[in-house]
Amino acid sequence: PGLHEWLVDFESKTIRAEAVYRAALAYKENGLSPDVIIAHPGWGESLLIKEVWPDATLALYCEFYYAVSGLDVGFDPEFRKNDPGETGRLIWKNLNNLLHFEYADAGISPTAWQAATYPASFQSKIFICHDGIDTEVIAPNPQISLLLNGDKKVSAGDPVVTFVSRNLEPYRGFHT
């Protein structure tokens, strides 16, 4: 209560960073000494990890860097915000990313587009490494069929609608 609304997101990242920092100190005391740490910086957990293991290589999973316009802001007229404070909120949302860049040795991004959302000063550290399915190895089998509930056969060529998302938020287009 009483915390500025722009800081709420950063506070939750700070709480997570502290929890991981304390847990990492205990692991270090028990002899753990990783050579490489790969972390997603989005929730803040890895923010202090180099304070525990300064010699470990820290690679960040560079999924997305927030922009004050374009990208994920203002693309859907149904959810357009007219608050000029939105700019400040988004800049503060990137504080976590910016602090991580000071410690990170490298970045890993699944696509060139995602890597390009990051500031130019960090892009040179980002390696593109696709994290999806290798469709040369795993490809559709035109002979395959599947029996659902013991009586409904679905075969290649049958129309099937699927939807996969970590949650059903408007940001992912679910409302449309």
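The values are calculated or read from the model by the stated rules, or taken from the named source; none is laboratory data. Just so we're clear, the structure is a prediction, and the values are computed from it rather than from any experiment. Note that we place each Cβ from the backbone using ideal geometry, even for glycine, and neighbour counts take in every protein chain shown. When the accessible area is computed, the model is the full protein with side chains, heavy atoms only, and any ligands, DNA or RNA have been set aside. Shrake-Rupley method; radii C 1.70, N 1.55, O 1.52, S 1.80 Å.
General remarks:
A quick yes/no check of all residues on (1) touching a Leu at 6+ places or on another chain (Cβ under 6 Å); (2) of a type in the set (Val, Ile, Thr):
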position: 22; (1), (2): no, no
position: 37; (1), (2): yes, yes
position: 51; (1), (2): no, no
position: 62; (1), (2): no, no
position: 66; (1), (2): yes, no
position: 70; (1), (2): no, no
position: 78; (1), (2): no, no
position: 84; (1), (2): no, no
position: 101; (1), (2): no, no
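Condition check ((1) hydroxyl-bearing (Ser, Thr, Tyr); (2) more than 22 Å from the chain's Cα centre (by Cα); (3) under 30 Å from residue 175 (Cβ atoms)) across all residues:
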| position | (1), (2), (3) |
| --- | --- |
| 8 | no, no, yes |
| 57 | yes, no, no |
| 61 | yes, no, yes |
| 66 | yes, no, yes |
| 72 | no, no, yes |
| 77 | no, yes, yes |
| 87 | yes, no, yes |
| 95 | no, no, yes |
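- Taking each residue of the range 66-80 that is without any contact (Cβ under 8 Å) to a residue 60 or more places away in the chain and over 23 Å from residue 120 (Cα atoms) and looking for partners that are part of a loop (DSSP other than H, G, I, E, B) and open to solvent by less than 80 Å² (accessible area, probe 1.4 Å) with beta-carbon atoms closer than 8 Å, six or more apart or interchain, yields 80/74.
- For the range 150-176, the candidate set comprises residues that are closer than 19 Å to residue 73 by Cα and either at pLDDT 75 or above or part of a loop (DSSP other than H, G, I, E, B) (or both); within that set, the residue that is most open to solvent (accessible area, probe 1.4 Å) is 176.
- Condition check for residue 54: surrounded by fewer than 17 Cβ atoms within 10 Å (Cβ to Cβ) and of a type outside the set (A, V, I, L, M, F, W, C): yes
- Condition check for residue 94: without any contact (Cβ under 8 Å) to a residue 40 or more places away in the chain and on the phi > 0 side of the Ramachandran plot: no
- Residue pairs meeting the criteria (Cβ under 8 Å; at least 6 apart or on separate chains; first among the basic types (Lys, Arg), in the range 116-127; second part of a strand (DSSP E or B)): 125/106; 125/107
- Matching residues, the range 124-149, being open to solvent by 70 Å² or more (accessible area, probe 1.4 Å), closer than 15 Å to residue 63 by Cα and touching a strand residue (DSSP E or B) at 6+ places or on another chain (Cβ under 9 Å): 125, 127, 128, 129, 131
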